[in-house]
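The values are calculated or read from the model by the stated rules, or taken from the named source; none is laboratory data. Just so we're clear, the structure is a prediction, and the values are computed from it rather than from any experiment. No Cβ is skipped: glycine too gets one built from the backbone with ideal geometry, and neighbour counts run over all protein chains shown. Side chains are part of the model used for accessible areas, which takes the heavy atoms of the whole protein and leaves out ligands, DNA and RNA. Shrake-Rupley method; radii C 1.70, N 1.55, O 1.52, S 1.80 Å.
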Amino acid sequence: MSTIEKVKEEVSVEELLGLNNEIVLYNDDVNTFDHVIDTLIRVCNHTSEQAEQCAILVHYKGKCTVKTGDYDELKPQCTQLLEAGLSAELI
């Protein structure tokens, strides 16, 4: 008869909360789809497909997270979106 030994191992997982911020783009009645798509491609380095999907989500849902990452990386991108006339917020 063999003995099976079970070892209970305690593992600590650290999550760094708050490191991933988001740029949220909001719907407005001013900007065209083409302007939103072109701006997301230029500022957020989206592919044309990504930018189009985000524009559609913003139009139908009212808002969409268009970029996630470190605050210092996202701040200038959010500023550029605002300067382009889009409604965006860094959260």
Counting only residues in the range 43-84 that are under 13 Å from residue 27 (Cβ atoms) and of a type in the set (Gly, Ala, Ser), the one least open to solvent (accessible area, probe 1.4 Å) is identified as 55
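Considering only residues of the range 16-26 that are touching a strand residue (DSSP E or B) at 6+ places or on another chain (Cβ under 9 Å), open to solvent by 40 Å² or more (accessible area, probe 1.4 Å) and not polar (S, T, N, Q), which is nearest to residue 90 (Cα to Cα)?
Among residues in the range 16-26 that are touching a strand residue (DSSP E or B) at 6+ places or on another chain (Cβ under 9 Å), open to solvent by 40 Å² or more (accessible area, probe 1.4 Å) and not polar (S, T, N, Q), the one nearest to residue 90 (Cα to Cα) is 22.
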Just for the range 27-42: of the residues that are open to solvent by less than 60 Å² (accessible area, probe 1.4 Å) and in contact with a strand residue (DSSP E or B) (Cβ under 8 Å, 6 or more places away or on another chain), which one is nearest to residue 87 (Cα to Cα)? 28
Restricting attention to the range 1-54, and to residues there that are more than 17 Å from residue 74 (Cα to Cα) and small (Gly, Ala, Ser), which single residue is modelled with the lowest pLDDT? 12
Inside the range 52-91, can you point out the residues that are hydroxyl-bearing (Ser, Thr, Tyr) and free of Cβ contacts under 8 Å to residues at least 12 places away in the same chain? 60, 79
Collect the residues in the range 52-65 that are within 12 Å of the chain's Cα centre (by Cα) and hydrophobic (A, V, I, L, M, F, W, C), keeping them in residue-number order. 54, 64
